[in-house]
1. Which ones in the range 302-333 are among the hydrophobic types (A, V, I, L, M, F, W, C), closer than 13 Å to HIS363 by Cα and surrounded by fewer than 16 Cβ atoms within 10 Å (Cβ to Cβ)?
2. How about the range 157-175: which of its residues are within 22 Å of SER238 (Cα to Cα), in contact with a Leu (Cβ under 9 Å, 6 or more places away or on another chain) and of a type in the set (D, E, K, R)?
3. If I ask for residues that are more than 21 Å from ILE152 (Cα to Cα) and either within 11 Å of the chain's Cα centre (by Cα) or not hydroxyl-bearing (Ser, Thr, Tyr) (or both), which ones from the range 235-266 would you list?
4. Would you confirm, using the coordinates I've provided, whether THR369 is surrounded by 15 or more Cβ atoms within 10 Å (Cβ to Cβ) and not acidic (Asp, Glu)?
5. Filtering the range 277-294 down to residues that are touching a Phe, Trp or Tyr at 6+ places or on another chain (Cβ under 6 Å) and part of a strand (DSSP E or B), which residue is surrounded by the fewest Cβ atoms within 10 Å (Cβ to Cβ)?
6. Quick check, is TYR346 under 20 Å from ARG225 (Cβ atoms) and either surrounded by 13 or more Cβ atoms within 10 Å (Cβ to Cβ) or within 36 Å of the chain's Cα centre (by Cα) (or both)?
7. Acidic (Asp, Glu), within 30 Å of VAL73 (Cα to Cα) and modelled with pLDDT of 90 or more, is that true of GLU142?
8. With the checklist (1) surrounded by fewer than 17 Cβ atoms within 10 Å (Cβ to Cβ); (2) closer than 30 Å to GLU357 by Cα in hand, flag the one item ALA165 doesn't pass.
Amino acid sequence: MKRRICIYLLVGICIWFFFLVAPVAARIKLVALPERGSTSIRLDNPLATLIEEERVLTLQKGLNLVDFSWKGVSIDVDSIRLTLLTHAEDVTLLSVSYPPEEPALVWGIYSEQPLEVQVRISYLLSQIDRLITYKGIAGTTETWMDLKMFLILRNFSGEDFEKAAIILDEDQSYEKSIQHGETRQLLVLDKKRIPIEKVWTFDARTLPWDPEQLDTNVGIPVSYRVENRPLAGLGESSLMAGKVRIFQEDGHGSTIFLGEDTTDVVPVGDKLEIYIGDSRDIVVTQRKMQEKKINIRRNKKNKIVLYDTDELIKATIENFKAKPATLTMIQHIPGQWEMVECNMAYTRKDAHTLNFEMVLPPHEKREVTMHYCRRNLR
């Protein structure tokens, strides 16, 4: 009798396992578009594309085996999630199993009564991505610019999407269809005459201090600075990372190409700086006028083990333009330091970086001096 009970129990377990993992006739496939309801393609994470689709499952009372399969589509299996949108109190997700050597999974769903349940299925899908490009046209005065942002959506995932909600972030959504192998360009931002500021940037870490000693001309990088703020006509959301191409009106009904740059994400309230080339209209000559050791500490063998330095740097800035120019001068002081005297106001970007912002009148020559001490050098 005990042996017979064990056999019956074993047979019952085998039948249960068979029905749990065996493919069922009515599959719910990713490629079966009529079975899919509303679909969203989330692009707010640049590293992965999240697909969310809603479907209606017809459940019988008791255990339901819902088979979800895909073919020719690169899905991250570990990312597949099933969420109950209706009748969550009457339905229970009991199990998830994966048929061997088959791109599919089987959900075991228990329902207390026959129901039609709306669910959301989400997963990470490969080979569908996006590019962000910007096109700016500056006016002849270089004080304003028309700015457009385009979304380039590329679908090589093996899946077709009909009337999907393409979501860039919580505030930007567009309903479009995109088929496998298709590339679509969408205009997602179009702003007219936003104010810009032309800025020259001298970085003491990357540019030569004395350009007269070089055989070639040294230019200072020039950028257009745009503030992502409501007062500047922007500020509705972050500006996404992408490629920027800048043109300028030539005064004869056409445009000239100024330059191309790439930008990181620009949050609301931050500034976008677009590099457009180098200029030789402003010349910065910088020299270290003094560097001497002070507060010297020696060991028992009279060797120097620790000291401070007293340093003086002088920079001469000349504006050869017939118009005012805005210069950002970036200085770097490594280690621990203390400013003794400086003849111009600055802001500290971090512990070792100083930013000087100055407006140079036409044909202006100006000097900046920094007298500081660096501490505890070995």
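The values are calculated or read from the model by the stated rules, or taken from the named source; none is laboratory data. Please read these numbers as outputs of a predicted model, since none were measured by experiment. Neighbour counts run over all protein chains shown; Cβ positions are idealised from the backbone, glycine included.
1. Residues satisfying the conditions are PHE320, ALA322.
2. The answer is ASP169, and nothing else.
3. Residues satisfying the conditions are GLY235, GLN248, GLU249, ASP250, GLY251, HIS252, GLY253, ILE256, PHE257, LEU258.
4. Criteria not met by THR369.
5. Only one residue fits best here, namely LYS293.
6. yes
7. Here the answer is no, as GLU142 does not meet what is asked.
8. It fails just one condition, (2).
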